[in-house]
Amino acid sequence: MKKRGVSIALVLTLVLGLCSGMTSSKIAYAATESENRQLVIDYLGLMETDDPVSSNETDTVTRAQFAQILYTLYANGDSDVEDVSYSSYPDVKASYWASGYIYYVTKAGLMSGYLSGYFKPESSVTMVEAAKACLMLLGYTSSELPATSNGIMSLTKKLGLYENIKLAARDNLTETACLNLLYNLLKSTTTTDKLYGEAFGCELDDNDEIDYETLSAETEESAELEGPIIVTGSWEDEIPFYLENTAVYKNGELSSLDAVMEYDVLYYNIELESIFVINAKVSGIIESIEPDVVNPSSVILGGKTYTLATDDVIDKVSMDGTVAEGDAVTLILDSDGTVLDILTETEYKIEYFGIISGISQSGTTTYISIEDIYGNTNVVNYSGQSTDYSTGDTVVITYSSNILNIHIIGYVSVLSSQYKKMVGEINSDATALGKYAFAEDIIIADAAGGSLLLIDPQRIADTTISAGDVLYYKLNEAGEISELVLNNVTNDLAIYAIAVHCKLGYANMSLNYTYTYNLNGKEITTDKYDDDILDSSNFDLGTGVVGIVYNGSEITDACTLTKIERVTSVTSEYVYYRAPGGVTGFKLSDQVKVCYYDGTGYSFISFDELSQLDLSDYTVSAYYDEPMKDGGRIRMIVIQ
C-alpha cells in the first residue's frame, strides 16, 4: 500500500511530541477526536489526489477527486492506473488526469455516469453518491442496497458511517464531510464481519476509535528534532538548510516564517526541512532563587518553581548575574517547562491581557492566577487585599520598575481609552480591521462571563466592530494587530436554551428572577439578582429561546433571541426563509441546537435527525442573536 501521507504524519508526530510537554492550554494538547480523524486520514493519504482536494473545510469534493479516493480505498495498492489512460465517457478524455481512476471505479461499480451518458468529473459528488460507494466497499451489492436515497442514508446512519456529518442526501460532499466519511468507513465492519480499516493497518482503541499511535508507530524513529533555538539576532544562521521553502509550524499549526517572532523557541527537522515553533512565556516577580545565588538551579515566580535549563541562564541569576530576587522578568520556557532564558524589563516589555482564574492567600502574599490568550497561566504576587479583585475579572498586567500594575479592563483601566478607538469593519477575507492589517500569526479571543474563547479570524469576517467591542489589542513592529480581545462579539460563549418558566420576586432587598431552563433536555433552575453592574432589565426575558452566560451557579449575562419564521429549508451552513425581498439565508452557528415542541413540552434532537425531516410537514422557526454583519448566527431551530 502507498503511504502518501507519511511526511504529513511525521510532521504531525513532531508537532504533537513537541507540544505535549507544554503547560499552556493553547499549545499543549493530546489529539482530540477530530484531530485523531485528521491524523489517520492524512497518515494513510486517503484524500491526497493528483488534483488536490481543497483544505477549506467548506469546499466540496469533485467526482473526479472522489474517484481517485475510491481507487485508493478499493485497490489498496494492488493495481496502478497512474500511467494508464481511458476515455470511458464523452466528457472524460484519455488525457484527463483522472481518466484511469474514473474507468477503474466505474468498472468496479462504485460510481456511475448520468443518464445523459456523461460523467461530469468537475461536478461535486453528493453525499448520497459517496455514501453508496462506501456501502459497496463494505461488501454490499447493488441488489442488497436500498433503491432510494432515503434508504441509502438510513443504512449509512445505521452502520455509523454518518457520524459527525451534517449533510442531507443531495448536499454536495464537503472536505470535512469527506474526511469524516472515510474515517467512519475505516472503523466500520464489513459484511464479512471484519474491520474495514484492518487492510490499512488500523486497529480500534478502547473507545472504538482508530488508534493513531499504533498506526503511525513506524514514523516515530524519524521524528527527531534539533534545538532548541531562541529567536534572537541571526537565528537563521543556525538552521542547516535553506529557509526559502521551509514548512513552518507554530504552536501546533501550519504557519510561515513571517509568524516567527523574537523570543519564540524553535526546533527543526533536517529530513523534512521543517521548523517547529513554540511560544511559551510567563512573567512576574522573582520571589526566590533556589537553593541560593551561589549554586542556583531554579527560580520561584508566582509561587511556582521553574528549573533552569542551561548554564547561561544559571549565570544570569548567580551572585554576579544580572537578575536578582525582586526583579520583574519574563521566563522563556522550553517544551518541557524548563527555563531557557530570563529577560528583564529593559529587554522585554511586560504587558498582557488575561482573565483572573484564581486568587489565593499565602501568609501576607496574595497570589492572583491569570490566564492569558495564549493559554499560559501567569501567577502574580499582589501586595494588596485578596478582595480587591474577583475571579473572572478581565485585566491587563504591566510592570514598571519592578512594580506590578493591574488594570481592570472596562471599569477603571487607564488603558481602556486607547482600545475603544479600534473600530471599523473587518473585511471579508478577515485580514484587517479598518485600516489595521492583521498579523499573519494574530491571536483573536472573545471574552464573556469570565471565560476566553479563541476564534478563527474568518469567524468575524464582514463584522462591524463598534466602540466597546474591543477590550484589548496589541500591534507588532509592523503596525499590524497581533493580539485582539473582543467583548463578547460572537456570543459563542453563551448557552442557548429554552426558558420554560420565569418568576419575578424580591430577595436580599433586590429584584430576583427565578428561571427554569430546558438545556439539552435537562431542566435547571437558577436565580439572577440585580446589581450595580448589570441592568436587571436585561434579565426580564420572559419565556422562550434565550442565550445565557451561566457559570454553574449564576447568570452573568443574558439575551433574548430574534425569531425567524417562514423557514423553507435548512442546509449544513444556512437557514433559508421567505423575506419581503425573496428567500434569504442566515448562517448557522457551528453549535446550533434543534428543539422539537409537541404542544406540551420541548425535546432536543440532533441536526442529523432534522436533515431527514420533510420540513413542509412542520412549522419551523429559527432564532438568531445578532444580525450577521455583527457576527450573529442562528443559535436554535424549533420545529413543531
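The values are calculated or read from the model by the stated rules, or taken from the named source; none is laboratory data. Keep in mind that this is a model prediction, so the values were computed, not measured. Every residue, glycine as well, gets a Cβ built from its backbone with ideal geometry; the counts of neighbours run over all protein chains shown. Surface areas here come from the heavy atoms of the whole protein model, side chains and all, with no ligands, DNA or RNA. Shrake-Rupley method; radii C 1.70, N 1.55, O 1.52, S 1.80 Å.
Could you please find all residues in the range 607-632 being more than 16 Å from Ala497 (Cβ to Cβ) and open to solvent by less than 50 Å² (accessible area, probe 1.4 Å)?
If the condition is that a residue be more than 16 Å from Ala497 (Cβ to Cβ) and open to solvent by less than 50 Å² (accessible area, probe 1.4 Å), then Phe607, Asp608, Leu610, Ser611, Leu615, Val620, Asp630, Gly631, Gly632 are the ones that fit.
As an exercise: evaluate Ile332 against (1) part of a strand (DSSP E or B); (2) at pLDDT below 90 and give the number of the one condition it does not meet.
(2)
So that you can scan it fast, the table gives a plain yes or no per residue for (1) at pLDDT 90 or above; (2) more than 30 Å from Leu301 (Cβ to Cβ); (3) of a type outside the set (Gly, Ala, Ser); (4) open to solvent by 60 Å² or more (accessible area, probe 1.4 Å):
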site	(1), (2), (3), (4)
Ile409	no, no, yes, no
Tyr472	no, no, yes, no
Ser482	no, no, no, no
Leu486	yes, no, yes, no
Tyr496	no, yes, yes, no
Leu504	no, yes, yes, yes
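Considering only residues that are open to solvent by less than 10 Å² (accessible area, probe 1.4 Å) and over 16 Å from Phe607 (Cα atoms), which ones fall in the range 165-178?
Of everything in the range 165-178, those that are open to solvent by less than 10 Å² (accessible area, probe 1.4 Å) and over 16 Å from Phe607 (Cα atoms) turn out to be Leu173, Cys178.
Show me the helices (runs of 4 or more DSSP H) entirely contained within the range 25-125 in which 2 or more residues are of a type outside the set (S, T, N, Q), exposed (fewer than 13 other Cβ atoms within 10 Å of the Cβ) and modelled with pLDDT under 85.
Result: empty, no element qualifies.
Can you give me the ranges of the strands (runs of 3 or more DSSP E) entirely in the range 255-309 with at least 2 residues that are of a type outside the set (A, V, I, L, M) and surrounded by fewer than 18 Cβ atoms within 10 Å (Cβ to Cβ)?
In the range 255-309, the matching strands (runs of 3 or more DSSP E) lie at 281-290, 304-307.
Count, please, the residues in the range 129-159 that happen to be under 16 Å from Met111 (Cβ atoms) and not in a helix (DSSP H, G or I).
So the answer is 5.
Given (1) crowded, with 19+ Cβ neighbours inside 10 Å; (2) closer than 22 Å to Ile229 by Cβ; (3) not basic (Lys, Arg), identify the lone condition not met by Tyr348.
Of (1) crowded, with 19+ Cβ neighbours inside 10 Å; (2) closer than 22 Å to Ile229 by Cβ; (3) not basic (Lys, Arg), only one is false for Tyr348: (1).
Only one of (1) more than 27 Å from Met628 (Cβ to Cβ); (2) open to solvent by less than 30 Å² (accessible area, probe 1.4 Å) is not met by Ala439, so which one is it?
(1)
Quick one: would you say Phe607 is aromatic (Phe, Trp, Tyr) and modelled with pLDDT of 75 or more?
Spelling it out, Phe607 is indeed aromatic (Phe, Trp, Tyr) and modelled with pLDDT of 75 or more.
Might you check whether a residue that is farther than 30 Å from Gly392 by Cβ, modelled with pLDDT under 85, open to solvent by 50 Å² or more (accessible area, probe 1.4 Å) and outside any strand (DSSP E or B) occurs anywhere in the range 559-577?
Within the range 559-577, one or more residues are farther than 30 Å from Gly392 by Cβ, modelled with pLDDT under 85, open to solvent by 50 Å² or more (accessible area, probe 1.4 Å) and outside any strand (DSSP E or B).
Out of all the residues in the range 585-598, which are more than 22 Å from Ala494 (Cβ to Cβ) and open to solvent by 50 Å² or more (accessible area, probe 1.4 Å)?
Asp598
Just a yes or no: is a residue in the range 132-147 surrounded by 18 or more Cβ atoms within 10 Å (Cβ to Cβ), touching a helix residue (DSSP H, G or I) at 6+ places or on another chain (Cβ under 6 Å) and more than 24 Å from Leu39 (Cβ to Cβ)?
Yes.
If you go through the range 338-361 one residue at a time, do you hit one that is at positive phi and outside any strand (DSSP E or B)?
No, there is no match, as no residue in the range 338-361 is at positive phi and outside any strand (DSSP E or B).
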